[in-house]
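The values are calculated or read from the model by the stated rules, or taken from the named source; none is laboratory data. Please read these numbers as outputs of a predicted model, since none were measured by experiment. Here the Cβ positions follow ideal geometry from the backbone for every residue, glycine too, while neighbour counts run over all protein chains shown.
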Amino acid sequence: MRRGHDLPQLNVRHVLDRMEERPAGWFYGLVVVLAIVGVIGFVAGMLSDPRRAWTALTWNWVFFSGVSVAGAVVAAAATASNGGWIWPIRRFAEGLTAFLPVSFALMIVLFFGIDEVYEWVHHPPPKKAAWLNPTFFVVREVLAVGVLYAFALAMVYWSLRPDLGRLRDRVTGWRGDLYGRLAGGWRGLDVEVERSRVVRSRLAPAVALLYAVLWTVVAWDWLMSIDPHWFSTLFGAWIFMTHFLAALGATAVLACAIRPYRSFADVVGTRSLHDIGKLVFAFTIFWTYLFFAQYLVIWYGRLPEETHFVKERLWEVYQPIATIVLLAVFLVPFLGLLGARPKRTPGTLTAFSVVSLIGIWLFHLLLIAPSVFPEFLAFGWIELSVGAGLFGLFALCYVAFLAAFPSIAIAAGRPMEEEAAEMAETQEPHD
């Protein structure tokens, strides 16, 4: 039995029209400009201060890549737990993965700048020299990130497949060709819906497990090794849960933004917003718990090799950023989403989710920059332009996903029009 929401009526024509319509001209133009600004800013930064340029690209890459891959993990977690609540907004989370191919390409670019950012490239600690080896680092990251991204994209593909096969005769042009290739070997709607359910039920635990393990490796390599003398056994879990929270917040923002389109509000109702809002609220508290759990043992132990990492970030030149992060990631969303009404109201849910995302973005600056530039606050035009560029690329990838694929999981709902009778005979898939 499906647990969660009753299945509302979904107008397939509206889903098709949504793919055909271009995004608002101002928004599309803005994200293109931001992407161009990012390229120009990075090049200009390379000419003026290469170390700052590579550092800015590193922490922005980790942030946007984390949000992207965690989008698949949100869908995987709901699928593994048989959560029917996810289906109205599942596609918004899955769309975040559209950035993954770009993320992998950018990671290859970052390999050329690791000597500018990471001290261990030139002076590896003797006890960590085997792990912090540039060649092993590159091989390890290519394999870890490549495997995780492949599983995440496979999860999204099997979620999309029933819809692509169903719509392949109703779309034309490049979409028709794309759907024909992706839905190759189509076996009929009933079979494909069940096949998708079975494959996703097997992939979901694998995606969640690989995310926990491999994204911990990413956290160790790209974030924790920025200070090769500091380590924390809780750090990996803190980072992959941070990105899970960011993906929940991004999903909430996108659901609120796309929901007003025609009949979409009937599908993405206030109950769906309440569900995702509760998760943003809950994992906001969990993020703070992980922060405090890590901070407590460092404060209590008072070991110099541990306390210097915290001191550089909380009490010296980066203290203003640390204060903003604590307010934006915990206090503001916690107080703002405390009741039921803010979670059900698109405006407030969007506002507090955006505040959380900005705080998490700055949190990545706080993790990396103090170890590279401990004497001054490295947050200026280079960092802002590179951040704007990565946001522009991320948004362009998401816009391309919405243009190519249905915004709502059609095969999980009850479309109106002439397909109502067909879907009435279709076995409901389990999420």
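Figures for the structure shown
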| quantity | calculated |
| --- | --- |
| Test: D17 is out of contact with any Gly (no Cβ under 6 Å at 6 or more places or on another chain), modelled with pLDDT under 85 and either of a type in the set (S, T, N, Q) or not in a helix (DSSP H, G or I) (or both) | no |
| Helices (runs of 4 or more DSSP H) wholly inside region 61-120 containing at least 3 residues that are at negative phi and among the hydrophobic types (A, V, I, L, M, F, W, C) | 100-110 |
| Helices (runs of 4 or more DSSP H) enclosed by region 324-372 - at least 3 residues per element that are under 24 Å from A388 (Cβ atoms) and at pLDDT 95 or above | 346-372 |
| Residue that is nearest to the chain's Cα centre (by Cα), among those in region 151-187 that are loosely packed, with under 13 Cβ neighbours inside 10 Å and closer than 21 Å to R202 by Cβ | G184 |
| Whichever residue in region 354-410 is among the hydrophobic types (A, V, I, L, M, F, W, C) and without any contact (Cβ under 8 Å) to a residue 40 or more places away in the chain and, among such residues, is surrounded by the most Cβ atoms within 10 Å (Cβ to Cβ) | V355 |
| The listed residue being within 24 Å of the chain's Cα centre (by Cα) and at negative phi, out of D221, D190, D227 | D221 |
| Residue selected from region 266-296 under the condition surrounded by 14 or more Cβ atoms within 10 Å (Cβ to Cβ) and among the aliphatic types (A, V, I, L, M), by the criterion farthest from A237 (Cα to Cα) | V267 |
| Among (1) surrounded by fewer than 20 Cβ atoms within 10 Å (Cβ to Cβ); (2) within 21 Å of G359 (Cα to Cα), the one test that I226 misses | (1) |
| Candidate set from region 310-357 (those that are over 21 Å from F235 (Cβ atoms) and aromatic (F, W, Y)); member that is farthest from the chain's Cα centre (by Cα) | F334 |
| Candidate set from region 190-223 (those that are within 25 Å of T58 (Cα to Cα), touching a residue at least 24 places away in the same chain (Cβ under 8 Å) and touching a Phe, Trp or Tyr at 6+ places or on another chain (Cβ under 7 Å)); member that is surrounded by the fewest Cβ atoms within 10 Å (Cβ to Cβ) | A212 |
| Residue list for region 129-139, filter: part of a helix (DSSP H, G or I) and in contact with a helix residue (DSSP H, G or I) (Cβ under 7 Å, 6 or more places away or on another chain) | P134, F137, V138 |
| Listing of helices (runs of 4 or more DSSP H) fully contained in region 225-316 that carry 3 or more residues being touching a helix residue (DSSP H, G or I) at 6+ places or on another chain (Cβ under 7 Å) and small (G, A, S) | 235-258 |
| Residues (β-branched (V, I, T) and within 15 Å of A75 (Cβ to Cβ)) located in region 235-260 | T251 |
| Qualifying residue in region 245-259 (condition: touching a residue at least 12 places away in the same chain (Cβ under 8 Å) and surrounded by fewer than 20 Cβ atoms within 10 Å (Cβ to Cβ)) | yes |
| Residues of region 112-124 classified as farther than 27 Å from A250 by Cβ and surrounded by 13 or more Cβ atoms within 10 Å (Cβ to Cβ), total | 8 |
| So S81, is it within 30 Å of C256 (Cα to Cα), hydroxyl-bearing (S, T, Y) and modelled with pLDDT of 95 or more | no |
| Matching residues, region 314-341, being hydroxyl-bearing (S, T, Y) and either within 16 Å of L290 (Cα to Cα) or surrounded by 15 or more Cβ atoms within 10 Å (Cβ to Cβ) (or both) | Y318 |
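Let's see how each residue does on (1) of a type outside the set (D, E); (2) under 25 Å from V73 (Cα atoms):
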residue: G146; (1), (2): yes, yes
residue: F151; (1), (2): yes, yes
residue: A154; (1), (2): yes, yes
residue: L160; (1), (2): yes, yes
residue: R166; (1), (2): yes, no
residue: D169; (1), (2): no, no
residue: R175; (1), (2): yes, no
residue: R181; (1), (2): yes, no
